[in-house]
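Undergrad: This is the structure I want to talk about, given as structure tokens.
The values are calculated or read from the model by the stated rules, or taken from the named source; none is laboratory data. Quick caveat: nothing in here was measured; it's all calculated off a predicted structure. Methodologically, a virtual Cβ is constructed for each residue, glycine included, from the backbone with ideal geometry; neighbour enumeration extends over all protein chains shown.
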Amino acid sequence: MTLTQNPQIELSPFKIGLLGFIPLTLGFGVYPLLIPALVMALFGIFWIGPRSFVKNLQKTVLAPGFLLFLTLLGLFFACYRGFYLPYHPEILIMPWSYFRVLFGLCLFTLLWVALFEKDGDLIGFIWLLCFGSLLFCLATVALAMWLQKPPFYASIIDIRYLPFGIQKFINTPGIANLLCLFPMAFLAALLLKPDQRPRWFWTLGILGFTLSLIAGIALGQRSYFVVVLFIAPLLVAIFLLLLRSWRAFIALCILLMSYPLLRWLDQVMGMHFLHRPLDQTLFNDARFQMLQYWFERVIANPFQRIEVGPSQYAHLEWFHNFFADIHRLSGFWALLAAVVLVTYIFIRLLYLIKVDRRVGLFLMAIAIPCFLIMNTSVVPEAERQPFLLLLAIGAISEVILGRHRGSSKSPHSDPVAKHDIVNT
């Protein structure tokens, strides 16, 4: 993690690297590796000196906004687990350990973010989490190209089971969605000042973006190209315009203006990676049909148990939508808790933009496409990284807002803390 230097504590790259293992492992998604990563990170903390980390944790966790965030997360998991009913037991039964592990990962992510205070540390967490996801996806695609015959669409080898001699396969849409995270972070970091960006930003960013694009072409998943070459650049371009960062804005506009040409070349070459997303059949896509099916029924009766449909998709386990799948597994109250939790994160991001414009826009430029990814894939049942990333963004917002509140003591800067300040 790229830690901001403290004039009283000289941090070596080795010590910095010890702390970076946690977000890397969270992004990589092989969570048993968190145990050695945590041991190394705790070693780094005690080597540096735990006092400042403990102080940051105590100050952040006791802040009203962070406490409310933790409460909403706990409420969501209480409903998600408490109202869970097996969905077609012959097809899918979620083990109880799933809920415990997921809650533990979410809580750990929030508390680990709360250990840090400076912008460099918090930005570095996001950067390394997204880089960890990139490493997992590149390893998956590389091994698939070695062990499988193309095309890889819809089924790719799961590298997490290979060390145990087990060959399992996972859907490529989930891998393609995880491939989006690092390019999203790279583009969003253009909103930051040069001294706010992570170490080796341009070298690592361009290399990672290029490798991600190559892997995306190998997978042939159209959602990847929509997010990485259209949605993420468009968002960043709009935010650059707000910041009046003209050179970066013009560069991204050139990229966006090249999109029609890329679509034409894609169609001529017969690949159809870029042409398919915007053709007239988009809303006939299976995910849109399933989402429409769920939405119509949840509006009619939010308390009914809705199975995956229409009929041609009734054999599937998921709607491939975060909110629809939460409702499918655990009903209306879990759905409501999820909506409140996600809404709270975005509201706090809006207040963060008022407090720290560049960092707030950086996080928002990642949060919006991350939210869209969550609503086109099986999150958090299959890919947990987008959910953990969104929670980390919410936690970082609370850290910065709490720091601003502590420095300004201004009630209007943080409405969640207004009542607390008035009483004190």
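Undergrad: Determine whether ILE421 is at pLDDT below 95, closer than 24 Å to CYS79 by Cα and part of a helix (DSSP H, G or I).
TA: no
Undergrad: Here's something else I'd like to know. Just for segment 162-195: of the residues that are β-branched (Val, Ile, Thr) and in a helix (DSSP H, G or I), which one is modelled with the lowest pLDDT?
TA: THR172
Undergrad: So, one more: From the set of residues in segment 196-252 that are assigned to a helix (DSSP H, G or I) and of a type in the set (D, E, K, R), which is nearest to ALA144 (Cα to Cα)?
TA: ARG222
Undergrad: Quick one: what pairs do we get from segment 334-354, first residue free of Cβ contacts under 8 Å to residues at least 40 places away in the same chain and crowded, with 20+ Cβ neighbours inside 10 Å, second assigned to a helix (DSSP H, G or I) and not acidic (Asp, Glu), C-beta under 8 Å, 6+ apart or different chains?
TA: Here the result reads LEU335/VAL298; LEU335/PHE323; LEU335/ILE326; LEU335/HIS327, each pair linking segment 334-354 to a residue that is assigned to a helix (DSSP H, G or I) and not acidic (Asp, Glu).
Undergrad: While we're on this one: Just to be sure I understand, how many residues within segment 37-81 are small (Gly, Ala, Ser) and assigned to a loop (DSSP other than H, G, I, E, B)?
TA: Qualifying residue count, segment 37-81: 2.
Undergrad: Please find, among PHE186, PHE182, PHE225, PHE239, the residue that is aromatic (Phe, Trp, Tyr), buried (at least 21 other Cβ atoms within 10 Å of the Cβ) and touching a Ser or Thr at 6+ places or on another chain (Cβ under 7 Å).
TA: It is PHE182.
Undergrad: With LEU115, LEU135 as the choices, which residue is buried (at least 20 other Cβ atoms within 10 Å of the Cβ) and closer than 24 Å to VAL39 by Cβ?
TA: Within the list LEU115, LEU135, the selection yields LEU115.
Undergrad: Restricting the search to segment 173-212, which residues are small (Gly, Ala, Ser) and within 14 Å of the chain's Cα centre (by Cα)?
TA: Of everything in segment 173-212, those that are small (Gly, Ala, Ser) and within 14 Å of the chain's Cα centre (by Cα) turn out to be GLY174, ALA176, ALA185, ALA188.
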